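Structure first, commentary second.
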Amino acid sequence: QAAQKVPVVRIDKNGQRMDCEVDPVNLVPGDILFLEAGNRIPADVRILYCTDGMEVDNSALTGESMPEPRHTKTEPLSCSPTEARNLAFFGTTVLKGNATCVVHATGDSTFLGKIAQGIKSSRVKSTLEYQIEHFIHIIAVVAIVVGLLSLAANLMSPVKRSAAEVLQNSAAALFAQVPEGLLPTVTISLMIASEQMAKKMVLVRKIDAVETLGCVSVFCSDKTGTLTKGEMTVQDLAVPLPGGPAEGMAVHNREPGSLIFSNKLAQVLSDIALCGILNNGAECKMEDGKEVYSGSPTEVAILNACTQVHGGNSQVRNSKAKPEFDKIFEIPFNSENKWMLTVHGQPSRGKCFSILKGAPDRVLKFCTVSKDGAAMAKIEATMADLMAQARRVLCIAKRDLTGSDIPDGAKFEGTVPSDCNFPMGNFEFVGLYGIEDPPKEGVATAVVKAQKAGVKVVMVTGDHPDTARAIATRINILHGSEDAESDQLQGAEEFSVITGTMLESRVPKADNFTDEEPDELVTWWKKATQHTRVFARVSPIHKQVIVQAYQKYGYGGIGDVCAMTGDGVNDAPALKQAEVGVAMGIRGTEVAKDAADIVLQDDNFASIVDGIEQGRLSSENLQKSIMYTLCSKIPQVAPTFGELFGLPQALTVAQVLLIDIGTDIWTAIAYALQSAESKLMERRPRHPRLEKLVNCKVLIYSYGYIGQLQMLACWAAFFFAAPGVLDLYLSGKSPNDYSKVDELNDTQGMSVYYWTLVLGQIAAAISTTTKLQSIFGCCGVPYGLPNATLNYMFIGELVLGLVAIYFPPMQTWFDTAALPWQSIVYPMAAFLAIVIIEEIRKLFGRMCFDDGSAPDDGPGEKGSKLKVPVAALKLGPCSCFCLWDTPQRA
């Protein structure tokens, strides 16, 4: 519709008025154009004239579902353009009324265009890119050092080799340290993770965002449509008790299970339901066999609730068709009156009645109850209670019109109380409507789940602070959980909710925060990022600043990893700024989706919390895959240096490649399908600046622990499970003097070394599937072997290993020889030893901590409690027992 021609008034070169229709792309500042209900606004305009009660839908810009009124009055200079009600913006829609406007901005100069320009900057590297780059630097150093040492070892070896053979061995040692499967492992892991997330309604647009999502420590979420349903709903119907308002008010809510108003209340709520149906500008039509409501969101909410009480749409149609309910006059809602009035009945029979609905303070002054202090006190107390729950309260009243009350000829006239030709007083108070945009089902639980996972959930909304506070409390963002986060907030209540006005003087002078910011500003933002959970009445630029502040001052000054949700165009800069931008799939604009890394297909916050879990699982599995791959590097390179001590050759270059490419790469990829450990979502998120994906703990585990166990097992099997190898070593023969029998013994020894390493890698793969949880249920819940793909890889490794040993062509290619059954069975002890030692390590690690996660823990048992000092666990060889943090709550 924005592409349709619009009626425009221009002045020709002779100064004469010229009426024409032009394409929106040809509009220029100064054009006068006309807008009516249903039109999409083709440019940023200043309203010169509009009908009373004109409303626009700014949700594409602000994300808020409430329609916004428009007028022609001049706004003060302090009013921001987005708050000015005499302006209308490109991309928004006229809901009600019509207007004459002058164009003041087009194209990139519009509010929407400026936002689009602001998100064209190139995106910074993702956390995954930094992690992989860091890992590559480590491996490059390790590989070069090993390659140079291998070169020296080959040159010093008693085995005489040609220059080509020396270079080949050195290059093989170097490349053996490089995990060849890293690139496909990362890519396939992320692809599998994104596929799993898609099943949970989380669509990944930028694949590296999967890993970043698992590292998120702060989640800034829009309120409307994400935490709430995004549609106005009548939650409460308040009516006077049978004795009148002075006796009190009865507040009726939707039924908890069905979330509808029961028709059992039809008699009690008959008046408020009928009045709400008759005095209503919304309509219900059948489209494709479905009932579709159209009109103002507030009117639709009232009509929907009243229809439920009245018995359904068919009953509503029957009632409205009755002659005594015919609408004969209407004064529409406008910003001056703040009420809507309708007159119904049969003037010819002298029976009419009027219904007045609107703001309570404007309606009650026309009611008889306004003279009864006791009744007003009850009504005001009910209103205060509803508004404390973030309800928007509307009042409705009625009055019978008979005899002289009906104007001559039943010609009702008037637009304000003073010029009406019928009585505008002595109305009978009927009741109150409590309206809100309610929280989505499951959001409160999802917020608690996120908080237990160490993720701060922050509401960022353009709504009123009181409304935002009430909703945030109901969904556990404010004082809603029992973890330490709530205790923090108790001491900083003034920071629990921050408004856009408070942010105006605290935005950075440049495009982002720098180290040159004033100390007062830095201190304020550090407190805000620590304590604040709700930002209300914020503008688009504020959302971006909030994200920047968390990235600069959050996490104790290190900077949080921030995710931001949004649906409107106004959210695009903040989505682009955040490490993970999450756009809404249903309500989201195309601009927001283009700026985002992830699209939430069902617009449900609970789904993105599931996405965080999947992101963590992906990151964890990638780390475990790397750990597994690195385990075999020590036993692969050890034979090169063994020759310096006169040891027979234990492994060839071809066998190293067979292990790396033939088995390890596929097993590493299978980690992508690994299921989560039991405490994954009770750990703090891994901060990429503090804990790298590949860190010293990973290197100690792979090189200094499992790798050493594998090497010892391989050498033990080489000497004691292979026939004749120990005698060959003790004979002191040089490899240059080997006989045919000696060469066969050495080849069998290499085959045993290779076979033992294969078994050792299977043991490493089983062990690295968990960090602390027992595989077999030793003093805890068993993790088991849930990954069928990984299990098939184990079988494949065994089959390939046996084929390489016993299949003649493979023997030729990889320098192997057939082995007696003892040489196949004895190395299995290495497999058992590694698995058992790992189970002991995990048991020791679990015993060191009481993570407060047992089902019978009391309410006071929170977080992680060390039973022994951390320093004692991380000294020397004992460090391998506590390589990772245990589950702990934020």
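The values are calculated or read from the model by the stated rules, or taken from the named source; none is laboratory data. These figures come from a predicted structure and were not determined experimentally. We place every Cβ from the backbone using ideal geometry, glycine too, and count neighbours over all the protein chains shown. Accessible surface is based on the protein model in full, side chains and every heavy atom, while ligands, DNA and RNA are left aside. Shrake-Rupley method; radii C 1.70, N 1.55, O 1.52, S 1.80 Å.
Data table
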read-out	value
Inter-label distance, nm, simple model (7 Å from Cα along the C-beta direction), residue 260/residue 832	6.6 nm
Violating pairs (Cα-Cα greater than 29 angstrom) within the set 13/96; 452/526; 73/338	13/96
Cα gyration tensor category, rounded, prolate or oblate, for the stretch 357-399 with a/c compared to 1.5	oblate
Filter on 378/543; 264/449; 552/692; 200/576; 327/365; 264/322 - keep pairs with C-alpha separation over 30 Å	378/543; 264/449
Which labelled figure in [x] 99, 76, 67; [y] 130, 74, 58; [z] 128, 81, 62 is Cα extents along the principal axes in Å, once derived from the coordinates	[y]
Reach of residue 842 by Cα under 16 Å, taken over lysines that are not fewer than 8 positions away in the same chain	624, 679, 697, 771, 867, 874
Percent carbon-and-sulfur accessible area, the stretch 53-119, ignoring ligands, DNA and RNA, probe 1.4 Å	56 percent
By average C-beta atoms within 10 angstrom, highest first, the peptides 535-547, 753-765, 396-408	753-765, 535-547, 396-408
Projected label distance in nm at residue 840 and residue 144, using a 7 Å step from Cα toward the beta-carbon	4.0 nm
Size of electric dipole in the stretch 127-211: Cβ of Lys, Arg +1 and of Asp, Glu -1, about Cα centre, debye, nearest 20	140 debye
5 angstrom amide H check on residue 22, placed H, neighbours 5+ away	6, 8
Extension reserve of the residue 700-residue 368 stretch, reckoned as 0.36 nm per residue once the Cα distance is removed	111.3 nm
The chain, accessible area per residue, ligands and nucleic acids excluded (1.4 Å, Å²)	43 Å²
Within straight-line cross-link reach of residue 229, lysines at Cα separation under 17 Å, skipping those fewer than 8 residues along the same chain	440
Label point 7 Å beyond Cα of residue 689 along Cβ direction - residues of the stretch 534-559 with amide nitrogen under 18 Å	545-559
Net lengthening on full extension, residue 737/residue 268 (0.36 nm per residue, minus Cα-Cα)	158.1 nm
Residue-averaged 222 nm ellipticity for the chain, from DSSP H runs of 4+ at -39500 (n - 2.57), nearest 500	-12500 deg cm²/dmol
Positive-pole candidate from 48, 558, 156, dipole of the chain, charges at beta carbon	558
List 197, 424, 18, ordered by accessible area with a 1.4 Å probe, largest first	18, 424, 197
C-alpha center-to-center spacing [the stretch 634-700, the stretch 395-474] in angstrom	62 Å
Surface accessible to a 1.4 Å probe, residue 815 within the full protein complex, Å²	70 Å²
Positive-end residue, the chain charge dipole about Cα centroid, Cβ charges, pick of 88, 662, 805	88
Dipole magnitude of the stretch 686-784, debye to nearest 20 (Cβ charges: Lys/Arg +1, Asp/Glu -1, about Cα centre)	740 debye
Within straight-line cross-link reach of residue 740, lysines at Cα separation under 30 Å, skipping those fewer than 8 residues along the same chain	160
Accessible carbon and sulfur surface of the stretch 219-261 relative to its total accessible area, %, 1.4 Å	53 percent
Among 720, 642, 710 the positive-end extreme of the charge dipole of the stretch 596-732 (Cβ point charges)	642
Electrostatic dipole magnitude of the chain [Cβ: Lys, Arg +1; Asp, Glu -1; Cα centre; debye, to 20]	300 debye
